[in-house]
Amino acid sequence: MLRLELRKNEEMAHFRASRKSGNAPIPDPRLFRTVQPGPLRPGILGKIRAWWGGWPFGQLAFLLAIAVLGGLFIGNVLETMARIGIMPGFGFLSSSANFEIGESPIAFRAGDTYLRAILAGLVNTLKVSLLGCVLATILGVAVGVAGLSRNLLLSGLVRWFIEITRNTPLLLQLFFWMALAKALPAPRQAAAFFGSVFLTNRGVYIPAISLEGGPFELAAALGITGLAAVALLLLLRATRRLTHRTGAVAVALAVAAPVAFLLLSGARPEAEMPALSGFNIRGGLNLSPEFAALLTGLVVKFAALIAEIVRAGIQSVGTGQWEAARALGLHDGQIIRLVVLPQALRVITPLTTSSYLDLTKDSSLAVAIGFPDLVSIVNTTANTTGQSLEALIILIGAFLTINLALSALMNLYNSRVALRGTGR
């Protein structure tokens with residue numbers, strides 16, 4: 001600023017002297033600019049006013065009207081519950097649930113609390129949702145890639161599969177798979193596929209792996225491994241050291257540490273093979289007909305949707321990428337895996353996230369075929385206790401938590417895919 005003022009004074013003096021001699025140059029117009037002060041930063045009231053927007057009194061009146069209507073509704077509900085002898089609140093969760101659960105991943109019997117019953121239903125919902133997302137993704141990617149094949153028979157079969165699956169209701173498909181599961185032969189007449197897989201009207205029997213002699217079971221070991229891997233990845237991301245190499249090392253350490261601990265503690269994995277014993281099949285892992293029908297229906301339905309998403313994502317990649325990859329000597333499988341799919345993920349991931357959320361929500365249709373998921377058990381709880389409003393709040397809160405957590409994880413992955421794509 002001082003140099004500018006000195007230069008301005010020198011220029012003006014030179015201009016006056018030159019004007020007297022009749023040879024006045026044109027002065028620099030930048031020297032005559034005045035510095036104007038910028039706008040003041042808004043204070044707290046200004047920020048609140050900008051956040052609130054226009055018509056503040058109208059918005060306030062609308063919010064007050066909503067609050068009054070909500071208060072009247074809640075008061076009416078509480079009065080009705082008091083009149084029929086129902087005490088509002090969640091105290092019923094500690095009461096005894098006098099019903100059985102046909103399939104429960106955690107130990108439950110009649111007489112346990114309603115809270116334990118709801119947890120069993122929640123675990124059932126999480127189990128079928130997670131397995132459904134994984135299997136639907138694998139099948140959907142395979143079907144989507146096969147639909148782009150030059151083989152007319154293969155691409156035609158894929159197109160018929162997608163159109164039939166997408167254009168029939170999921171509930172109707174669940175009824176079909178449930179009827180098919182009940183039409184399977186009895187255990188004594190069931191054929192053994194690959195010598196260890198039995199499809200019967202009492203469920204699907206497959207080989208299983210268990211831990212013998214360890215401090216905890218296989219499910220707990222897998223859960224600890226997953227939590228350790230997620231914790232290490234989050235730590236690397238927080239310290240800005242997360243790369244492909246460090247991420248692979250973190251996952252390897254998360255897997256190796258529990259395995260080493262189990263081996264040192266004397267645990268040993270054992271394979272359990274199903275085999276016919278009497279009138280039933282013993283050993284292995286038994287998937288009930290309801291669970292098998294529900295999982296099959298969800299996987300088939302959403303695999304068709306994911307296949308269309310994968311097809312659109314692959315076709316969004318320019319033909320120049322294919323030609324450049326072929327010029328490098330890559331065959332079609334390598335081109336899709338190494339060149340096309342990494343770029344198509346920017347299109348595939350957001351739409352696949354919506355499919356995952358829909359699959360999780362549509363798992364509530366399990367109540368129609370008798371699988372004891374969260375909706376079924378909460379419905380039974382509401383009928384036996386009369387706490388319908390509280391049961392509905394629990395159900396809404398559980399699905400919101402599951403879907404918001406799944407959406408957050410997929411958005412985090414989507415941000416990494418988008419950043420990687422734009423950096424190329």
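Quick one: count up the residues across the stretch 206-230 that are in a loop (DSSP other than H, G, I, E, B) and either of a type in the set (Lys, Arg) or modelled with pLDDT under 70 (or both).
Qualifying residue count, the stretch 206-230: 5.
From (1) surrounded by 10 or more Cβ atoms within 10 Å (Cβ to Cβ); (2) closer than 16 Å to Gln387 by Cβ, pick out the condition that doesn't hold for Gly85.
(1)
What's the total number of residues in the stretch 164-208 that are of a type in the set (S, T, N, Q) and within 29 Å of Ser355 (Cβ to Cβ)?
Qualifying residue count for the region: 4.
Rundown of residues vs (1) buried (at least 18 other Cβ atoms within 10 Å of the Cβ); (2) more than 14 Å from the chain's Cα centre (by Cα), yes/no style:
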residue: Leu359; (1), (2): yes, no
residue: Ala368; (1), (2): no, yes
residue: Thr380; (1), (2): yes, yes
residue: Asn383; (1), (2): no, yes
residue: Leu392; (1), (2): no, yes
residue: Ile396; (1), (2): no, yes
residue: Leu400; (1), (2): no, no
residue: Asn411; (1), (2): no, no
residue: Arg416; (1), (2): no, yes
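Please determine, by comparing only the residues of the stretch 58-77 that are under 36 Å from the mean Cα position of the chain (by Cα) and either surrounded by 13 or more Cβ atoms within 10 Å (Cβ to Cβ) or of a type in the set (Val, Ile, Thr) (or both), which one is modelled with the lowest pLDDT.
If we take residues in the stretch 58-77 being under 36 Å from the mean Cα position of the chain (by Cα) and either surrounded by 13 or more Cβ atoms within 10 Å (Cβ to Cβ) or of a type in the set (Val, Ile, Thr) (or both), then Val77 is modelled with the lowest pLDDT.
Filter the stretch 365-397 down to the residues that are in contact (Cβ under 8 Å) with a residue 12 or more places away in the chain, assigned to a helix (DSSP H, G or I) and in contact with a Ser or Thr (Cβ under 8 Å, 6 or more places away or on another chain), then identify the one that is farthest from Met81 (Cα to Cα).
Ala366
Go through the stretch 321-345 residue by residue and tally those that are in a helix (DSSP H, G or I) and surrounded by fewer than 18 Cβ atoms within 10 Å (Cβ to Cβ).
Count: 13.
When you scan the stretch 198-205, do you find a residue that is modelled with pLDDT of 70 or more, of a type outside the set (A, V, I, L, M, F, W, C), buried (at least 17 other Cβ atoms within 10 Å of the Cβ) and out of contact with any Ser or Thr (no Cβ under 9 Å at 6 or more places or on another chain), even just one?
Yes, there is a match, as at least one residue in the stretch 198-205 is modelled with pLDDT of 70 or more, of a type outside the set (A, V, I, L, M, F, W, C), buried (at least 17 other Cβ atoms within 10 Å of the Cβ) and out of contact with any Ser or Thr (no Cβ under 9 Å at 6 or more places or on another chain).
The values are calculated or read from the model by the stated rules, or taken from the named source; none is laboratory data. The structure presented is a predicted model; accordingly, all values stated were derived computationally and were not measured. Note: ideal-geometry Cβ built from the backbone for every residue, glycine included; neighbour counts use all protein chains shown.
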